[in-house]
Structure formats: structure tokens, C-alpha cells
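Heads up, the thing below is written out as C-alpha cells.
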Amino acid sequence: MAVPDRDDLFDDANGDLAVGDLEAAIEKYRQCVEIDPEFFDGWHALGMALMKTGKLKEAIGAGLQATTLQPNDLLAWTALSQMYVQDGQIGEAEDAKANARILSLGGRIVKDPK
């Protein structure tokens, strides 16, 4: 059996999300990051979908992976902060929010290696 295409799976998952089928979306987002562990959009979307279903510990794990892959992504840090707030981890939420604020002001969390 052929391996499903990451981008096709991601599009299908987004469609599931749009119609409110969060569990189907989560399963497809998981498959996306299994196919490509460096797929930032997959990790970010997985984290958000998991947060919406109340699976906060797993959501935080996906959110951390997203910020690891793209440490200068404002939305990834904002989402991670929201995940921490929902999980009651206020200190961690404030740290993630501070990183988002740095980025919103044009700063960088990780300097480009150039």
C-alpha cells in the first residue's frame, strides 16, 4: 500500500476540522507528522486541534515541537501560551507569551545563523 501524501492528508485534516470532526482531523495531523517529523504546519495544527478537544498535555507537546521547529513563529508561541493557560501552567504560559511579544515587536527568539 502506498504511503499517503503528507500534503493531501493535511488538506483532508483541514477539511475535517472545518466541518467539526476534530478526532478525524487529529488522526490525520498525527499521520502528517509521522510522515514528516519536521512538518511545522502539521505540529501546529495538531496542537490546536488537541487543545480544542481538551487533550492539553499532548497539545503542549505538539506546541513545543512547533516552536522548536520554528522558534521565531509568533502564532506558535501564542498558541503554546494558550495551551499552558488552559492546563493551569501560568508561569510557562507567561514565558511563551513573552516570546510572542518579542516577536510581535520585530525581535527574534533565535537569531538567524548568518
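The values are calculated or read from the model by the stated rules, or taken from the named source; none is laboratory data. This one's a predicted model, so the numbers in the text were calculated from it and none came from an experiment. A quick note on method: Cβ atoms are made from the backbone with ideal geometry, for glycine too, and the neighbour counts reach across all protein chains shown.
When each of T78, T68 is tested for being outside any loop (DSSP other than H, G, I, E, B), at pLDDT 95 or above, of a type outside the set (K, R) and loosely packed, with under 15 Cβ neighbours inside 10 Å, the lone residue that passes is T68. Of the listed requirements (1) modelled with pLDDT under 95; (2) of a type outside the set (K, R); (3) part of a helix (DSSP H, G or I), D41 misses just one: (1). Being of a type in the set (A, V, I, L, M) and surrounded by 20 or more Cβ atoms within 10 Å (Cβ to Cβ) holds for only one residue in I102, I60, and it is I60. For segment 9-53, a residue qualifies if it is under 18 Å from T78 (Cα atoms) and crowded, with 17+ Cβ neighbours inside 10 Å, and the qualifying residues are F40, D41, G42, W43, H44, A45, L46, G47, M48, A49, L50, M51.
Right, A2: assigned to a loop (DSSP other than H, G, I, E, B) and either at pLDDT 95 or above or surrounded by fewer than 22 Cβ atoms within 10 Å (Cβ to Cβ) (or both) or not? Spelling it out, A2 is indeed assigned to a loop (DSSP other than H, G, I, E, B) and either at pLDDT 95 or above or surrounded by fewer than 22 Cβ atoms within 10 Å (Cβ to Cβ) (or both).
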